[in-house]
Ligand code: HEM
């Protein structure tokens, strides 16, 4: 049986890849800005600053796209991204046991994917943390740091530059850590690229719908 | 004074004068000029009434002059031709050339591309000279601004320097346009004034403004060096930061050179942002808080050694990205990244080891 489901609508895909390349650019240029003497990605500090600023704006705009699409067009933002009570009580443990143990024994993925329930309990938690906490935080701190002089009062109100820089840096590290995990887990489908295709075309070819592992 | 003692004084002056003239070796004018010392000159030139004789340019502010290195030199050494007929002799007094005493600076400056654009006295008032450590960044820029409009400078630097106004505010021109080897971060105290709907106006605080806030008996340094130990600790910086705000004070950080050279070459490495935006000892080695004295020159108090970067990191008024990062934060962040990396490494290894088992299912 070769069932096909339309899992990832176009706006979400546009957002996702803008976001992915944006974040990777931010991570690399950010490393150069923070550690100019070790990380010479572009080898040109000025280019690094400019690119970082630009990528920050791209990520911000694409975050807006994601939010508007899910919140106002598809109207399933919370349903998709917020773990349900069932997820918290059982789903998370079940999913963790699968990743950490059942998977290696060739067991089935306990999560069954539908357009209205795309993510398993762990995915929901991770994606919600990233999309509702980390991205907004990095955007707010970034915008403030780009305009320290003109937004000085606001900078002070939120605790000063020291705090901003610290938060911006730690969230950046979380993104970096997330990226490793995220990309790796995306290869756990029935073939290593099974999950990448729908993120590009929108269509999930689930030979066996129970096989979604990410 | 009685009439007789007045007469004696007159006689004494006459005798001295005659002895002086007779004893004066050729050329006599020189020594005659020396007969008048700084105090004599200042009897007229530091007196406000001289303003009526010819205008402000004749006035030499005594308090300021006395605090310069040129006070040692004395007026007559630089104005040799002034004799006792002055100012009625109609001779315009001579002026020493700076190069007579500052030959090295002169040699350096004469070779620079700026030599034809300005003379020493375009940038220096010989009666108010100060070493570079005793002037504020704004004072360092004052001469430049006489000829270079700030708007033009911002416009020409904007082409390559991001956040131009912020940089120009935090860097005196000579930080980039002369060749000091060592730079420091100097925090000046600024006053700010809230303005509805706009960012506050920040200006350097004057001595009087600071005295109004300081413990009078302890002087102006007590606004920041509270325990009067001649050092500013990080804690004192923070305290100032917290409380100064309520009093309308804030710090204004600038990266300033330790010596002023005069080659005016555009340093190639100043294009290179990481000349400044790099961490560690780098070019910026120390940090000071500089406070204005009554005559407008600045006294620097060192910020606790070893805590310099910490101090930088602790203030929102000097944000030199790259150079102001915190080590602890870097470490925590790198641990987070390492943890993220463990997932693919550990899971991936187990995945490889169990390929066969999974195939079986
Ligand atoms: C090159 C880097 C990246 C690759 C290769 C990648 C790959 C993927 C893949 C294959 C999926 C589909 C997995 C699934 O449906 O469960 C996905 C979904 C997702 N990714 Fe990424 N990703 C990358 C970067 C990022 C970044 C940087 C973020 C956020 C900061 C992110 C957030 C998400 C979210 C929230 C979803 C769920 C999207 C939805 O359907 O609503 N991804 N990613």
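One table, with the values for the structure above:
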read-out	value
Region B:150-193, residues that are in a strand (DSSP E or B) and loosely packed, with under 11 Cβ neighbours inside 10 Å	B:193
Check on residue B:147, within 29 Å of residue B:99 (Cβ to Cβ), surrounded by fewer than 16 Cβ atoms within 10 Å (Cβ to Cβ) and in the same structural domain as residue B:277 (by TED's automatic domain parsing)	yes
Sole residue being crowded, with 19+ Cβ neighbours inside 10 Å and more than 15 Å from the ligand (Cβ to nearest atom), chosen from A:59, A:49	A:49
Lone qualifier among A:74, A:39, A:20 - being within 15 Å of the ligand (Cβ to nearest atom), over 14 Å from the mean Cα position of the chain (by Cα) and either away from every other protein chain (no Cβ under 13 Å) or without any contact (Cβ under 8 Å) to a residue 12 or more places away in the chain (or both)	A:74
Those residues of region B:209-239 which are outside any loop (DSSP other than H, G, I, E, B) and in contact (Cβ under 8 Å) with a residue 12 or more places away in the chain, in sequence order	B:209, B:210, B:213, B:220, B:221, B:223, B:232, B:234, B:236, B:237, B:238, B:239
Qualifying residue in region B:278-294 (condition: modelled with pLDDT under 80, within 14 Å of chain A (Cβ to nearest Cβ), surrounded by 20 or more Cβ atoms within 10 Å (Cβ to Cβ) and in a helix (DSSP H, G or I))	no
Residue match in region B:105-118 (condition: outside the structural domain of residue B:169 (by TED's automatic domain parsing), loosely packed, with under 14 Cβ neighbours inside 10 Å, over 30 Å from residue B:254 (Cβ atoms) and out of contact with any helix residue (DSSP H, G or I) (no Cβ under 7 Å at 6 or more places or on another chain))	no
Pairs where the first residue, in region A:193-214, is on the phi > 0 side of the Ramachandran plot and the second is at pLDDT 85 or above and within 9 Å of the ligand (Cβ to nearest atom), C-beta under 8 Å, 6+ apart	A:202/A:8; A:202/A:9; A:202/A:13
Any hit, region B:12-20, residues being at pLDDT 85 or above and either touching a helix residue (DSSP H, G or I) at 6+ places or on another chain (Cβ under 8 Å) or surrounded by 13 or more Cβ atoms within 10 Å (Cβ to Cβ) (or both)	no
Condition met for residue B:39 (surrounded by 16 or more Cβ atoms within 10 Å (Cβ to Cβ), part of a helix (DSSP H, G or I), at negative phi and modelled with pLDDT of 80 or more)	no
Of the criteria (1) facing chain B (nearest Cβ under 9 Å); (2) assigned to a helix (DSSP H, G or I); (3) within 11 Å of the ligand (Cβ to nearest atom), which one residue A:156 fails	(3)
Matching residues, region A:111-125, being over 15 Å from the mean Cα position of the chain (by Cα) and modelled with pLDDT under 90	A:111, A:112, A:113, A:114, A:115, A:116, A:117
Members of region A:75-99 found to be outside any helix (DSSP H, G or I) and surrounded by fewer than 18 Cβ atoms within 10 Å (Cβ to Cβ), listed by number	A:75, A:76, A:82, A:84
Residue A:204 being more than 11 Å from the ligand (Cβ to nearest atom) and more than 10 Å from chain B (Cβ to nearest Cβ)	no
Among the residues listed as B:138, B:118, the single one being under 30 Å from residue B:276 (Cα atoms), touching a residue at least 12 places away in the same chain (Cβ under 8 Å) and outside any helix (DSSP H, G or I)	B:118
Tally of residues being in contact with a strand residue (DSSP E or B) (Cβ under 9 Å, 6 or more places away or on another chain) and more than 9 Å from the ligand (Cβ to nearest atom) across region A:2-17	5
Some residue of region A:182-190 being over 29 Å from residue B:334 (Cα atoms) and either surrounded by fewer than 17 Cβ atoms within 10 Å (Cβ to Cβ) or within 11 Å of the ligand (Cβ to nearest atom) (or both)	yes
Count - residues of region A:110-153 that are within 16 Å of the ligand (Cβ to nearest atom) and outside any loop (DSSP other than H, G, I, E, B)	24
Scan of region A:100-135 for residues that are over 14 Å from residue A:80 (Cα atoms), more than 13 Å from chain B (Cβ to nearest Cβ) and in contact (Cβ under 8 Å) with a residue 12 or more places away in the chain, ordered by number	A:110, A:135
Residue in region A:44-62 that is farther than 30 Å from residue A:190 by Cα and either touching a strand residue (DSSP E or B) at 6+ places or on another chain (Cβ under 6 Å) or outside any helix (DSSP H, G or I) (or both) present	yes
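The values are calculated or read from the model by the stated rules, or taken from the named source; none is laboratory data. Here the structure is a predicted model, which is why all the values come from computation and not from measurement. Every residue, glycine among them, receives a Cβ derived from its backbone with ideal geometry; neighbour counts consider all protein chains shown.
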